[in-house]
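S.K.: Please find one structure pasted underneath; my questions will follow.
The values are calculated or read from the model by the stated rules, or taken from the named source; none is laboratory data. Since we're looking at a predicted model, the values are computed, not measured. Cβ coordinates were reconstructed from backbone atoms using ideal geometry, including for glycine residues, and neighbour counts include every protein chain displayed.
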Amino acid sequence: MVNIKIIMIYKHLFGPVPSRRLGISLGVDLVPFKVCTLDCIYCEVGKTTIKTLERKEYVIYDEIISELNHYFADNPQLDYITFSGAGEPTLNSRIGDVIKNIKEKYSNYKLCLITNGTLFYDEQVRKEVLDVDLILPSLDAVSDIIFRKINRPNKNLSVDKIVEGLVLLRKEFSKQIWLEIFFVEGLNDTDEEVNLLVEKVKLINPDRVQLNTLDRPGTERWVQPLCEEKLKRIANKFSPFPVDILTRKQTNVYKNKIPEDVEEIILSTIKRRPCTAEDISQMLGMKIMEVNKYLAIFEEQNIIEKQNEKNGVFYKIK
Ligand code: SF4
């Protein structure tokens, strides 16, 4: 008998991708490109097109669950299922139902929420995410002017409101919170801003602080990363909190078994973040020459484009 495997093209799942913080992680997109409360100058996904605080079912619950059921039929090996992707996941008003469904059906998988942390002032949002295993919120600035320059928020957001929400989240959420701060040269790296951040971090009291800087092309070409020296100096100021400086790390997710839907995996990964050929080669365990062949075809078909950066040649969806 011929064994026919039906390959489903996922609209709301992506990866699994190697994540710097989470190992091998399956991404779940709860909002379409590009619905967010912020429009960060360093965003890898691209410019925010709907900048809103309105929560609704941006991606239909049934569609997400049906994709998850299909994906988990094979009991895949993963370190995490992660809500992240094309915008702010807590804007989806059914996030609580999706979390409940995953926890009921796939309780052996850990669940992580990557969020910009802007909506935790809302008691309902905090309540809906209590069952995830790990929350990675971010906070890049404390002074209003820097916050507006880096994160370009919805006009009804303020840093005070965001910090208040994160403090309440910490009180109600007993599992791990790792707070990420993204540094941009010349904006939030001054002593004054860093000292303000340290003060707020003490109030929020996360389990870890994670320092990040530009590693791939962001929305605005003029954004510059901080050098490692400077990041290390800043890291010392957050003592006694455990601090990680995030560096790019790739894992061979597929253990050298090239997946059948390799084209789809390459494109869905590039769609969420610009990648180099080396990133894809390491992720898939595929020779760089092979990866380059796929990339050349996608370029010829006008689906992707190249961008030359100091730290490599990155491919982005057009
Ligand atoms: S970096 Fe995150 S929070 Fe900022 S605009 Fe992009 S998706 Fe939104």
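S.K.: Taking the stretch 164-182 on its own, how many of its residues are closer than 15 Å to Val201 by Cα, more than 16 Å from the ligand (Cβ to nearest atom) and not in a strand (DSSP E or B)?
M.R.: 6
S.K.: Does Asp215 meet the test of being at pLDDT below 95 and surrounded by 15 or more Cβ atoms within 10 Å (Cβ to Cβ)?
M.R.: Criteria met by Asp215.
S.K.: Which residue is surrounded by the most Cβ atoms within 10 Å (Cβ to Cβ), if the candidates are limited to the stretch 19-42 and must be of a type in the set (Lys, Arg) and away from the ligand (no atom under 14 Å from the Cβ)?
M.R.: Going through the stretch 19-42, the residues of a type in the set (Lys, Arg) turn out to be 20-21, 34.
When the remaining residues are screened for being away from the ligand (no atom under 14 Å from the Cβ), the result is 20-21.
Working: Arg20: 16, Arg21: 20.
Among residues in the stretch 19-42 that are of a type in the set (Lys, Arg) and away from the ligand (no atom under 14 Å from the Cβ), the one surrounded by the most Cβ atoms within 10 Å (Cβ to Cβ) is Arg21.
S.K.: Do we have Lys149 as within 15 Å of the ligand (Cβ to nearest atom) and either of a type in the set (Asp, Glu) or surrounded by fewer than 21 Cβ atoms within 10 Å (Cβ to Cβ) (or both) here?
M.R.: So Lys149 passes the test.
S.K.: Here is a follow-up. Any residue at all in the stretch 121-139 that is within 16 Å of the ligand (Cβ to nearest atom), buried (at least 21 other Cβ atoms within 10 Å of the Cβ) and over 30 Å from Ile65 (Cα atoms)?
M.R.: yes
S.K.: Have a look at Asp189, Asp160, Asp215 and point out the one that is farther than 24 Å from Lys34 by Cβ, in a loop (DSSP other than H, G, I, E, B) and not basic (Lys, Arg). Lay out the reasoning, then the answer.
M.R.: Numbers: Asp160 fails: in a loop (DSSP other than H, G, I, E, B); Asp215 fails: farther than 24 Å from Lys34 by Cβ.
Selected residue: Asp189, the only one of Asp189, Asp160, Asp215 that is farther than 24 Å from Lys34 by Cβ, in a loop (DSSP other than H, G, I, E, B) and not basic (Lys, Arg).
S.K.: Within the stretch 43-84, restricting attention to residues that are touching a helix residue (DSSP H, G or I) at 6+ places or on another chain (Cβ under 8 Å) and among the acidic types (Asp, Glu), which residue is farthest from the ligand (Cβ to nearest atom)?
M.R.: Glu54
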